[in-house]
Amino acid sequence: YLFRGKRTDYKVWVYGYLIGNNVIVGEVVDFDDDYFNTEFWYKVDPETVGQFTGLTDKNGTKVFEGGIIKAPSGRLYVVIWSTWIHDEKRNKFLTDRYEFTGWCISKDGINPRDTLDCETLEGEVIGNIYDNHEPIKP
């Protein structure tokens, strides 16, 4: 599973695999029976850690938890949680079936959604809740 988080030292995003709740590491580049070495490892702010949903927007940008997506209708969606659906028969996660929840921000206000609709995937990622500090307006 791919994650992202903001480094605690330089406050930039890193992408990789989550170890514990505050370390993201890259690919394993060397190993033997006694040790292993990763491409990189960084401490990250656990408040900024988000998992890749397995989905991309209309431009191919990866959608992570905490992402803000602007749909063609002008509505904004904030992804707050995601999961892939597990196929018990084949014992694998289905990358083409997913559920994710979030808020829909429209002129009517902020509405929690159990599952975000397909309009979300026709939109584009315009930011995230960690970098966009000003109020989100539709």
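The values are calculated or read from the model by the stated rules, or taken from the named source; none is laboratory data. As the structure is a computational prediction, the values presented were derived from the model and not from experiment. In this analysis, Cβ positions are derived from the backbone assuming ideal geometry, glycine residues included, and neighbour counts consider all displayed protein chains. Please note that ligands, DNA and RNA were not included when accessible areas were found on the heavy atoms of the full protein model with its side chains. Shrake-Rupley method; radii C 1.70, N 1.55, O 1.52, S 1.80 Å.
Some values worked out for this structure:
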| item | result |
| --- | --- |
| Evaluation of residue 17 against (1) out of contact with any Leu (no Cβ under 8 Å at 6 or more places or on another chain); (2) closer than 25 Å to residue 63 by Cβ (one fails), failing number | (1) |
| All positions within the stretch 1-42 that are over 24 Å from residue 127 (Cβ atoms), open to solvent by 100 Å² or more (accessible area, probe 1.4 Å) and not charged (D, E, K, R) | 31, 35, 36, 41 |
| Residue identified as out of contact with any Leu (no Cβ under 9 Å at 6 or more places or on another chain), closer than 22 Å to residue 132 by Cα and free of Cβ contacts under 8 Å to residues at least 12 places away in the same chain among 60, 50 | 60 |
| Residues of the stretch 43-60 satisfying the condition of being surrounded by 19 or more Cβ atoms within 10 Å (Cβ to Cβ) and more than 17 Å from residue 78 (Cα to Cα) | 44 |
| Output for the stretch 22-49, where each listed residue is assigned to a loop (DSSP other than H, G, I, E, B), touching a strand residue (DSSP E or B) at 6+ places or on another chain (Cβ under 9 Å) and not aliphatic (A, V, I, L, M) | 22, 26, 27, 39, 40, 45 |
| Failed condition for residue 63, given (1) open to solvent by less than 40 Å² (accessible area, probe 1.4 Å); (2) outside any loop (DSSP other than H, G, I, E, B); (3) at pLDDT below 85 | (3) |
